[in-house]
Every structure is written in C-alpha cells, then in structure tokens.
Amino acid sequence: MKKRILSLLLLSACVCGAWADDTGMGLELSAEKKITKGFSAEVEGEFRTQDGVSDRERWSLGAGLEYKWNKWLKSDVGYTFIHRHYTEAVKTKNIHKEYDSPRHRAYVSLSGSWKLPAHLELSLRERYQYTYETEQFVERYSIATGERASDKVVGDESEHLLRSRLMLKWSRKKSAWAPYAHIEMLNDLQDGLSLDQMRYTVGTDYKLNKQNSVGVAYRYKDKSDKDDAKGHLFSVKYSYKF
C-alpha cells in the first residue's frame with residue numbers, strides 16, 4: 001500500500017510538471033539526526049529542472065543545525081552550496097551563452113508556531129539569507145553560424161535577503177498525512193527592505209514509518225532571479241530521520 005502511494009505521488013508530480021514551458025521539476029533528499037534534547041542536525045540535497053524536464057537548472061548540497069527552545073520557538077543556522085546552470089540566447093545580438101555558476105549561501109532563522117483548533121498549526125519564520133555568486137568566464141557563440149563570439153566575464157555578486165514565511169499546516173498523530181500551505185515574501189536588505197518577490201506553496205507529507213517520509217509540493221514564484229526562473233515548480237521529496 002505504501003509503495004502504491006509513493007508511486008502515485010511520483011507519477012502525479014511528473015505528469016503535472018511536463019505540461020508547461022515555465023514549469024520545473026524538483027527532487028529533494030534529506031536526512032536528520034537528533035543530537036541531544038531539542039538539538040538536531042540535517043543534511044540535504046536537491047536537483048531541479050526547468051521547461052518541464054528538458055533543461056537542468058540547478059543542484060545543491062546543504063547542512064544545517066536546529067535548536068528547539070520550547071514547544072513554540074526554534075532557531076536554525078546552515079550553509080548551502082548551489083550549482084546553477086544558465087542557458088541564454090540574446091536574440092538582438094544573435095549570441096548564445098551557456099555556463100555554470102557556483103554560489104555559496106548562509107542563513108540563520110527564527111520560527112514561532114501556534115496550535116489552532118482542528119489539528120491546525122500556524123507558524124511564522126523569519127530568515128536572514130546571504131548568497132555569494134563567484135566570478136565566471138563565459139564563452140559565447142553566434143546562434144546563426146555557431147562560431148565563437150566575444151567572450152564575457154560575469155562578475156561576482158552578493159545578495160542579502162530577509163525571507164518571511166507564514167505557513168498553515170494540518171497534522172494528526174493517527175494520520176500519516178500532513179498537508180500544508182505557505183506564502184513567503186523575499187525582501188531585499190540592500191534596497192531598503194523592498195519586496196523582491198513572492199512565493200506561494202501547497203503540498204503534503206506522508207509518513208511511511210517513524211524514520212521515513214515522502215512528500216509532494218507545488219510552488220508558484222512571481223519573479224525570476226539568480227536562483228531560478230519564475231513560474232511553477234513541482235517537487236518530490238524523501239526524508240529520513242535517525
């Protein structure tokens with residue numbers, strides 16, 4: 001039964017993610033280890049595509065630490081290495097460029113949660129995020145002839161964001177399902193805390209047993225940035241706790 005549920009989750013995400021050019025697919029894997037009471041560590045990896053499954057967009061590896069102060073307050077800190085792939089055709093100049101961009105990301109966040117009636121939980125997470133993109137030497141080619149065009153240096157760049165996420169989640173001890181929905185605002189700290197973009201996500205986790213769980217999610221993003229393109233993202237994830 002559990003294998004059938006997992007297969008349906010994977011199939012539904014793949015079918016939904018293949019129908020639009022502005023739709024990407026994501027695969028997430030994570031492992032969490034409880035160290036002491038209230039203190040845990042996590043490692044995670046992710047792979048994303050864009051334009052259905054035709055183009056790879058990025059992969060990442062990260063690690064983090066979380067501390068739960070009490071029933072309603074927790075904090076975490078972490079680091080993620082991101083390998084972003086760019087493919088761009090500049091039609092006005094008849095130039096095509098394709099390159100990989102490594103970047104380093106650090107974050108720290110504080111989360112508060114409140115229990116509501118009907119097995120609902122409301123949570124607010126405030127996260128400071130710093131991203132550094134390294135300088136890259138980019139080869140460019142003519143779209144018409146395929147011949148080498150003038151090369152370009154993409155300079156290094158840093159980004160400081162405040163990410164505010166409000167989430168509503170349903171969970172019950174006797175149920176393996178845990179559906180959720182959240183809205184996230186990304187504010188640019190280098191531009192007077194101005195609103196940079198919005199993200200809207202719905203999804204559900206399914207607990208296979210005490211250690212293993214799977215999930216699917218859909219996210220809509222209203223603006224492209226250095227991380228990924230705007231539009232739709234369907235993701236599948238697997239989590240292991242030990």
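The values are calculated or read from the model by the stated rules, or taken from the named source; none is laboratory data. Keep in mind that what you see is a predicted model, and the values were worked out from it rather than measured. Using ideal geometry, Cβ is built from the backbone for each residue, glycine included, and neighbour counts are taken over all protein chains shown.
Key figures
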quantity: Residues that are closer than 19 Å to residue 230 by Cα and in contact with a Gly (Cβ under 7 Å, 6 or more places away or on another chain), drawn from segment 159-187; calculated: none
quantity: Top-ranked residue of segment 200-219 - restricted to ones that are under 15 Å from the mean Cα position of the chain (by Cα) and surrounded by fewer than 16 Cβ atoms within 10 Å (Cβ to Cβ), ranked as farthest from residue 131 (Cα to Cα); calculated: 202
quantity: Residue in segment 221-231 that is among the polar types (S, T, N, Q) and more than 22 Å from residue 82 (Cβ to Cβ) present; calculated: no
quantity: Verdict on residue 134 being among the β-branched types (Val, Ile, Thr) and in contact with a strand residue (DSSP E or B) (Cβ under 8 Å, 6 or more places away or on another chain); calculated: yes
quantity: Selection within segment 156-174 - part of a loop (DSSP other than H, G, I, E, B) and either at positive phi or surrounded by 13 or more Cβ atoms within 10 Å (Cβ to Cβ) (or both); calculated: 171
quantity: Residue 46 buried (at least 17 other Cβ atoms within 10 Å of the Cβ), touching a strand residue (DSSP E or B) at 6+ places or on another chain (Cβ under 7 Å) and under 23 Å from residue 151 (Cα atoms); calculated: no
quantity: Which numbered condition residue 222 fails, given (1) farther than 22 Å from residue 31 by Cα; (2) surrounded by 15 or more Cβ atoms within 10 Å (Cβ to Cβ); calculated: (2)
quantity: Enumerated strands (runs of 3 or more DSSP E) restricted to segment 69-140, each holding at least 3 residues that are in contact (Cβ under 8 Å) with a residue 24 or more places away in the chain and more than 30 Å from residue 51 (Cα to Cα); calculated: 73-90, 95-116, 120-133
quantity: Residue selected from segment 82-130 under the condition of a type in the set (S, T, N, Q) and surrounded by 14 or more Cβ atoms within 10 Å (Cβ to Cβ), by the criterion nearest to the chain's Cα centre (by Cα); calculated: 129
quantity: Failed item, numbered, when residue 153 is tested on (1) surrounded by 14 or more Cβ atoms within 10 Å (Cβ to Cβ); (2) without any contact (Cβ under 8 Å) to a residue 40 or more places away in the chain; (3) within 30 Å of residue 192 (Cβ to Cβ); calculated: (1)
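Here is a yes/no grid of residues against (1) touching a Leu at 6+ places or on another chain (Cβ under 8 Å); (2) closer than 23 Å to residue 32 by Cα; (3) among the basic types (Lys, Arg):
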residue	(1), (2), (3)
186	yes, no, no
193	yes, no, no
216	yes, yes, no
227	no, no, no
237	yes, yes, yes
241	no, yes, yes
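The rows are residues; the columns are (1) modelled with pLDDT under 95; (2) under 30 Å from residue 133 (Cα atoms); (3) surrounded by fewer than 13 Cβ atoms within 10 Å (Cβ to Cβ).
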| residue | (1), (2), (3) |
| --- | --- |
| 176 | no, no, no |
| 198 | no, yes, no |
| 226 | yes, yes, no |
| 231 | yes, yes, no |
